[in-house]
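Enquirer: First, the structure itself, so that you have it in front of you.
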Amino acid sequence: MEAIRYERELYAPVRDHLIRQGFTVRGEVGPCDVVAVQNDRLIVVELKRHLSFDLLAQAVERQAYSDHVYLAVPKPVDFKEDKVWRAKLRVLKRLGLGLLLVSKSGEVYLIEEALSPETPGGLRRAPKKRISIAKELHSRRTDGNVGGTHRVPLLTAYREAALKLAVLIDTYGPMKPKELRQKGGHDKKTTSILNANFYRWFERRNDGRYVLTDQGNAALLTYEQTAEVFRADEEKLPAEGAVCDSGDETAI
């Protein structure tokens with residue numbers, strides 16, 4: 001068994017473990033490292049290299065808007081089920097938290113459920129937060145975030161919608177908002193994303209069509225994995241003629 005050095009190494013094996021159980025999984029949703037949904041069941045997993053008081057505090061906060069909360073940590077190379085270990089499990093059990101141990105051997109990762117979660121009663125609930133977390137998860141087409149990664153811009157549902165527009169412009173050339181929607185841009189957010197231009201990815205030409213800025217081209221590289229998913233979507237579409245300007249389009 002090898003030591004796991006980085007928190008981000010935990011994400012893929014935890015994600016795959018949950019997917020095998022039938023969950024839809026996304027990384028870095030709101031304040032949560034990992035969120036998994038199956039029907040009406042919402043699970044949060046917090047990834048850390050070590051058990052700590054700060055981790056426990058985070059996990060207890062997540063219980064207010066999830067059905068169950070797991071902690072996922074690397075399994076110590078010198079793991080022993082000694083008195084100290086059993087004491088840690090008692091604390092987690094009292095708090096109603098689950099525990100996943102992640103071990104590594106070469107390129108193979110193993111997940112062990114050392115403790116099943118059992119959210120205690122009497123918690124103050126945050127239904128609006130739960131709805132917000134679930135909405136963010138379901139709004140994302142791809143899983144472009146790696147849970148446990150720090151100082152990397154997160155791919156939120158809004159940023160993902162903007163990236164889709166960037167891919168369309170990069171693929172088909174300058175387009176108006178109406179043309180972008182026809183090509184698969186977000187039905188409701190395309191115009192507001194372009195007008196707000198929060199990320200400075202787009203520039204409006206005099207003819208009303210949008211092109212990519214240097215920041216927009218850089219974003220295609222930053223989020224290359226997600227951009228490739230959108231490019232693959234375009235390759236699956238049947239061939240068609242160039243987008244035509246109808247001439248009767250009013251200002252959008």
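Please treat every number below as a calculation from the coordinates, not as lab data. These figures come from a predicted structure and were not determined experimentally. Ideal geometry is used to build each Cβ from the backbone, glycine not excepted, and the neighbour counts take in all protein chains shown.
Enquirer: Taking only the Cα atoms of region 157-236, how large is their convex hull per residue, in Å³?
Expert: Per-residue hull volume (Cα only) is 81 Å³.
Enquirer: With label points built 7 Å along Cα→Cβ from the Cα atoms of LYS83 and GLU107, find their separation and express it in nm.
Expert: 4.5
Enquirer: By per-residue mean of other Cβ atoms within 10 Å, what is the highest-first order of 87-94, 15-22?
Expert: Descending mean neighbour count gives 15-22, 87-94.
Enquirer: Once a ≥ b ≥ c are taken as the square roots of the eigenvalues of the Cα gyration tensor of region 1-54, is the result rounded (a/c under 1.5), prolate (a/b larger than b/c) or oblate (a/b not larger than b/c)?
Expert: Here region 1-54 falls in the oblate category.
Enquirer: Just check the chain against the gyration tensor rule for me: Cα atoms, a ≥ b ≥ c as the square roots of the eigenvalues, rounded for a/c under 1.5, and otherwise prolate or oblate depending on whether a/b exceeds b/c.
Expert: The shape class here is prolate.
Enquirer: Once the Cα atoms of helix 224-236 and of the chain are each reduced to a long axis, what angle between those two axes, in degrees from 0 to 90 to the nearest 10, is obtained?
Expert: 50
Enquirer: For region 7-139, what log10 I(q)/I(0) values come out of the Debye formula at q = 0.14, 0.16, 0.21 1/Å, with one point per alpha carbon and no solvent?
Expert: These q points yield log10 I(q)/I(0) values of -0.60, -0.79, -1.33.
Enquirer: On to the next question. Rounding to the nearest 10 and keeping the result within 0 to 90°, find how far the Cα-based axis of helix 53-62 lies from the longest principal axis of the chain.
Expert: The angle comes out at about 60 degrees.
Enquirer: Right, next: Report the gain in length on full extension from LEU123 to SER192: 0.36 nm times residue separation, minus Cα-Cα distance, nm rounded to one decimal.
Expert: Answer, rounded to one decimal: 21.0 nm.
Enquirer: Under a Cβ-Cβ cut-off of 14 Å, what is the net charge of the residues other than LEU123 that fall near it, where Lys and Arg count +1 and Asp and Glu count -1?
Expert: On the way: positive: ARG62, ARG94, ARG124, ARG125, LYS129, ARG130; negative: GLU61, ASP67, GLU118.
Charge balance in the 14 Å sphere: +3.
Enquirer: Given springs between every Cα pair under 10 Å in a Gaussian network model of the chain, which of GLU234, GLU107, GLU136 has the largest fluctuation?
Expert: Of the options given, GLU107 has the highest mean-square fluctuation.
Enquirer: Using alpha carbons only, how many degrees (0 to 90, rounded to 10) separate the axis of helix 11-20 from the longest principal axis of the chain?
Expert: That helix lies at roughly 90 degrees to the long axis.
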